[in-house]
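Note sheet for the following structure.
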Amino acid sequence: MHPDHPIERVRQQLEQLRVHDLPIRGGRTLAYVYDSGLVEVDVLAAETVAAFSGTNGLDPTAFPSLAAMERELVAFAAEMLDAPAGAAGSVTSGGTESCLLAVLAARDARPDVGRPEMVLPSTAHAAFHKAAHLFGVTAVVADVDPLTFRADPAATAAATTGRTVLVVASAPSYAHGVIDPVEQIASAAAARGIRCHVDACIGGWVLPFLRESEPEQPAWTFAVEGVTSISVDLHKYAYAPKGASLLLHRSGSLRRSQFFAWADWPGYTVVNPTLQSTRPGGPLAGAWATVQSIGVGGYHELARAARGTTLRVAEAVERVDGLHVVAPPDSTLLAIGTDERLDVFTLADEMGALGWFVQPQLRFGAMDPTLHLSISASTPADALVDALAAATATALAAGPIRVDPALGAMVTGLDLATLDEPTLLGLLAGAGLADGSGRPALPGRMAPVNALLDTCPPPVRAALVTAVLDLLSR
C-alpha cells in the first residue's frame, strides 16, 4: 500500500501517538498492565478481540457464542473460587463495574431499607466509594489494624446497623497487598443477615493457584460461609486483554437483584445483567481465548513466577538502605516505604528514568506515602532489585522534596466552592503544571507535584487532580 494512502497515514499516526506510552510487555510497568510473557497467547487474544469486535452480548440469542464463552469463564472461576452448585456470575467491563454491581445488587435486594449503608475498611478500593456516590448507599468506613493494614473485624462489625446492606473485604487490598480477615468479617455479617462481598479483583486469579504451596493462606473464597459475592478481574492476573472482569454470586437468587429489566416502552424489552447495555464481545472473547490457552496448569506456573519475584524483591528491599517493606505481601503486590532521608516521589521518578514505572501512593491519615508495585509473571526479579537499589541511591543523594511553604498553604487553603479557572491556571503554573503559554502540561518529573499533593487534604487533592485532567483533556 502506498505510504500516502489514508490507511497508511493513520497507521503512522498511531505509531507516533504511542511513542510516549508505557510499555505493556516486559514486566517493567508495575501498575495498570499485567504481562504473562506468553507472546503466542497475547497474539491469539488480540486476534480474537478483533474477530469478535463487532459482536454484542446484549442479546444472547443474537450471538450465542458470547453466551457460551461467558458461561465457561464463569464456570472456570466458580471452581477456582470454591463456589457451590447454583452459583451465578457475569462478565463485566472491569473491576470497578464488578464492584459497582455488587453494591447495586445488595441495595436492590433490600428495598425495605431506607438510607442504605455499606461498611468498608479504610483500605477498600475507591470503586466502592464510586458506588456509594452513584447509588445513594452511604459508605461507612471502618478503621484497619495500624500495623498489619488488614481490616479490623471488630471495627467492621461495630459499624454495621439495621441499614447495612453490604460489608466489604479485600483479597488482597490494592494499597498494601494484604488479605483481610474474611472469615471473621463474613461470619459477623451473616449473623445479621448482611451480604459480604470479597473484592478479589487483583488477587483472585493468583491466590487460588498458591494454596498448595502456601497452605497458610487466609481463607477468603466461597468456602467461607457468609461470603455472598466475589469480584475477580480477567484483565489483571488472568492476563486477558483489557475490558474483562467477573462478578460471581453464591447463588442465582443473590444475583437476580443485579439485573435491570424494562418493558414499559415501545421498543424491545431491555434486560441487562450488567451496567452496560451494549456489551462488546471482543474483550469477552479475548478473555475466553486467553483462559482456554493458559489453563489451570499454566496459571499455576504464572502465579508461582509472579509470587516468587514478589518475595525475592521484598527480601531484597529490606537490604536497601533507606527502604522497607510496609507489609509482608500476601500475593503479588508490594508496598514500599522510605525513611526520612528520601521520599517515594523522587524514587518513582528515578525508577522511571531507569525504565520502570512504579506508582506512588500519597499519605492517608496516619499512613505514610508508599510506592506500589504490581508484579507480573514476566517481571525480571534481578533487574528490578538492581533498579530499586540504584534509584534509591540517587534519591538519597538528592534528598526529599521540600514543598514551598507559601504554595503549600495556598493549595491547602483552597476554597473548592469558589475555585474558578483563572485561579486554577495560576495555581498550576506555580506548581509547575503549565507550559510556556500558561496551558496545563505534565512535567517530565512528577516528584514536586506529588509532594505538593501529599500535603493537601484528600478533598483538595481530588479536586486538583480532577481539574488538571479536565483541562488536559480539552
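The values are calculated or read from the model by the stated rules, or taken from the named source; none is laboratory data. What you are looking at is a predicted structure, and each value in this text was computed from that prediction instead of being measured. Methodologically, a virtual Cβ is constructed for each residue, glycine included, from the backbone with ideal geometry; neighbour enumeration extends over all protein chains shown. Each accessible area value is taken on the protein alone, full model and side chains, heavy atoms only, with ligands, DNA and RNA left out. Shrake-Rupley method; radii C 1.70, N 1.55, O 1.52, S 1.80 Å.
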>> Taking the condition of being touching a strand residue (DSSP E or B) at 6+ places or on another chain (Cβ under 9 Å), closer than 26 Å to Asp82 by Cα and in a loop (DSSP other than H, G, I, E, B), how many residues in the range 239-274 meet it?
In response: 8
>> Where the second residue is assigned to a helix (DSSP H, G or I) and the first is surrounded by fewer than 24 Cβ atoms within 10 Å (Cβ to Cβ) and lies in the range 182-208, which pairs have Cβ atoms under 6 Å and are six or more apart or on separate chains?
In response: Gln184/Pro153; Ala188/Ala157; Pro208/Met80
> Name the residues in the range 357-371 that are in a strand (DSSP E or B) and over 20 Å from Leu388 (Cβ atoms), would you?
Replying inline: Phe364, Met367
>> Under 6 Å between Cβ atoms, which residue pairs at least 6 apart in sequence (or on different chains) link something in the range 452-474 that is over 16 Å from His129 (Cα atoms) and open to solvent by 60 Å² or more (accessible area, probe 1.4 Å) with a partner that is in a helix (DSSP H, G or I) and at pLDDT 80 or above?
In response: Thr455/Gly408
> When you go through Asp435, Asp343 one by one, which is the residue that is at pLDDT 95 or above, out of contact with any strand residue (DSSP E or B) (no Cβ under 8 Å at 6 or more places or on another chain) and at negative phi?
Replying inline: Asp343
>> Which residue is nearest to Ala189 (Cα to Cα), if the candidates are limited to the range 223-238 and must be part of a loop (DSSP other than H, G, I, E, B) and among the small types (Gly, Ala, Ser)?
In response: Gly226
> Can you tell me how many residues in the range 155-192 are more than 21 Å from Leu247 (Cβ to Cβ) and part of a loop (DSSP other than H, G, I, E, B)?
Replying inline: 10
> Do you know which of the residues in the range 132-172 that are of a type in the set (A, V, I, L, M), loosely packed, with under 15 Cβ neighbours inside 10 Å and more than 21 Å from the chain's Cα centre (by Cα) is farthest from Gly337 (Cα to Cα)?
Replying inline: Ala158
>> With the condition being small (Gly, Ala, Ser) and buried (at least 19 other Cβ atoms within 10 Å of the Cβ), I'd like the helices (runs of 4 or more DSSP H) fully within the range 372-443 carrying at least 1 qualifying residues.
In response: 381-398
>> I need the full set of residues from the range 102-146 which are hydrophobic (A, V, I, L, M, F, W, C) and farther than 23 Å from Gly177 by Cα, in order please.
In response: Leu104, Ala105, Ala106, Ala109, Val113, Ala132, Leu134, Phe135, Val137
> Conditions: (1) open to solvent by less than 40 Å² (accessible area, probe 1.4 Å); (2) under 30 Å from Pro218 (Cα atoms); (3) part of a loop (DSSP other than H, G, I, E, B); (4) out of contact with any Lys or Arg (no Cβ under 9 Å at 6 or more places or on another chain). Pro328 meets all but one. Number of the miss?
Replying inline: (1)
>> If I filter the range 140-153 for residues that are in a helix (DSSP H, G or I) and in contact with a helix residue (DSSP H, G or I) (Cβ under 8 Å, 6 or more places away or on another chain), do I get at least one hit?
In response: yes
> So is Arg115 part of a helix (DSSP H, G or I), touching a residue at least 40 places away in the same chain (Cβ under 8 Å), among the basic types (Lys, Arg) and open to solvent by 30 Å² or more (accessible area, probe 1.4 Å) or not?
Replying inline: no
> Can you pull out the residues in the range 118-131 that are open to solvent by less than 20 Å² (accessible area, probe 1.4 Å) and outside any loop (DSSP other than H, G, I, E, B)?
Replying inline: Met118, Val119, Leu120, Pro121, Ala127, Phe128, Ala131
>> Being modelled with pLDDT of 95 or more, in contact with a Gly (Cβ under 7 Å, 6 or more places away or on another chain) and open to solvent by less than 60 Å² (accessible area, probe 1.4 Å) is the requirement here; does Ala175 meet it?
In response: no
> Do the conditions hold for Ile294, that is, is it outside any loop (DSSP other than H, G, I, E, B), surrounded by fewer than 22 Cβ atoms within 10 Å (Cβ to Cβ) and at pLDDT 95 or above?
Replying inline: yes
> Within the range 219-227, is even one residue within 23 Å of Gly365 (Cβ to Cβ) and not polar (S, T, N, Q)?
Replying inline: no
> Residues in the range 352-371 that are over 24 Å from Arg461 (Cα atoms) and either buried (at least 20 other Cβ atoms within 10 Å of the Cβ) or of a type in the set (Gly, Ala, Ser) (or both): how many?
Replying inline: 3
